[in-house]
Ligand code: SF4
């Protein structure tokens, strides 16, 4: 797989008039914003309802997600669903997406081994994330791991230092203006956006790789419990 230092980016593949997640999802199938589309099977866009109360942002699709075209359907996704359940979050209120929408991997023998996306991929794919957020109005955004944190919060944010902490959204974003929304009420007047929050935690795949999986899992559930309490409050 060829690596590049620059990529044209996803912006020109996003229909400016798109005003639903389905329209964005359809357009993303043809994205050529960076080289990752070449070796991956398909674009894996976010899934869930536009009215979701919680938006989870992960890193990139894995091997199984790449084959099925759906995010979080592999082993890490199964673990995340269990953690969501154990934290008391309603799965019906969740939207799941990734910072990078194509699977980056290297081939070793017959296996496709996950490779962490580079900054060029995160930057190229960010316009899809911004476009998704323009269709969503979550109460809490959950950032799963370092790649998602880089995409939303910038390169200096450290998940290990600030995990489990509720931060103001979009004020905590790297470019808050990208995510600032002015909702319009049913009389056509601009209304104040309800305050939203962001919480960073580890990616569920980090639990699967941990030396002590039980401790890592309990930490993930503890962070997500902060989210469920915020929703209840
Ligand atoms: S990873 Fe993102 S920017 Fe790159 S081709 Fe896929 S959808 Fe487009």
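Take residue 12 and decide whether it is within 11 Å of the ligand (Cβ to nearest atom), outside any loop (DSSP other than H, G, I, E, B) and surrounded by fewer than 17 Cβ atoms within 10 Å (Cβ to Cβ). First the steps, then the outcome.
Details: within 11 Å of the ligand (Cβ to nearest atom): yes; outside any loop (DSSP other than H, G, I, E, B): yes; surrounded by fewer than 17 Cβ atoms within 10 Å (Cβ to Cβ): yes.
Yes: the conditions hold for residue 12.
Out of (1) within 20 Å of the chain's Cα centre (by Cα); (2) farther than 14 Å from residue 124 by Cβ; (3) free of Cβ contacts under 8 Å to residues at least 40 places away in the same chain, the odd one out for residue 15 is which?
(1)
Considering only residues of segment 58-70 that are under 19 Å from residue 124 (Cα atoms) and part of a loop (DSSP other than H, G, I, E, B), which is nearest to the ligand (Cβ to nearest atom)?
Going residue by residue through segment 58-70, those that are under 19 Å from residue 124 (Cα atoms) are 58-62, 66.
Next cut, part of a loop (DSSP other than H, G, I, E, B) only: 59-62.
Numbers: 59: 11, 60: 8, 61: 9, 62: 14 Å.
That would be 60.
In segment 19-57, what residues are assigned to a loop (DSSP other than H, G, I, E, B), over 16 Å from residue 68 (Cβ atoms) and either at pLDDT below 95 or within 11 Å of the ligand (Cβ to nearest atom) (or both)? Reasoning before the result, please.
Initially, segment 19-57 is screened for residues assigned to a loop (DSSP other than H, G, I, E, B), giving 19-20, 29-34, 38-46, 48-53.
Checking the rest, the ones that are also over 16 Å from residue 68 (Cβ atoms) come to 19-20, 30-34, 38-39, 49-53.
Those that are assigned to a loop (DSSP other than H, G, I, E, B), over 16 Å from residue 68 (Cβ atoms) and either at pLDDT below 95 or within 11 Å of the ligand (Cβ to nearest atom) (or both): 19, 30, 31, 32, 33, 34, 38, 39.
Pairs only if they're at least six apart or on different chains, beta carbon under 8 angstrom, first in segment 96-107 and free of Cβ contacts under 8 Å to residues at least 12 places away in the same chain, second more than 9 Å from the ligand (Cβ to nearest atom) and assigned to a strand (DSSP E or B); list them, first residue then second.
107/113
Looking at segment 114-141, I want the residues that are over 23 Å from residue 223 (Cβ atoms) and away from the ligand (no atom under 12 Å from the Cβ) and have a partner that is assigned to a loop (DSSP other than H, G, I, E, B) and at pLDDT 95 or above with Cβ atoms under 6 Å, at least 6 apart or on another chain. Which pairs are those?
Within 6 Å, the pairs are 115/104; 135/50.
From the list 215, 227, 221, 207, which residue is in a helix (DSSP H, G or I), touching a strand residue (DSSP E or B) at 6+ places or on another chain (Cβ under 7 Å) and farther than 30 Å from residue 32 by Cα?
On the way: 215 fails: touching a strand residue (DSSP E or B) at 6+ places or on another chain (Cβ under 7 Å); 221 fails: touching a strand residue (DSSP E or B) at 6+ places or on another chain (Cβ under 7 Å); 207 fails: touching a strand residue (DSSP E or B) at 6+ places or on another chain (Cβ under 7 Å).
Just a single option satisfies the conditions, and that option is 227.
The values are calculated or read from the model by the stated rules, or taken from the named source; none is laboratory data. Since this is a predicted model, take the numbers as computed values, not measurements. No Cβ is skipped: glycine too gets one built from the backbone with ideal geometry, and neighbour counts run over all protein chains shown.
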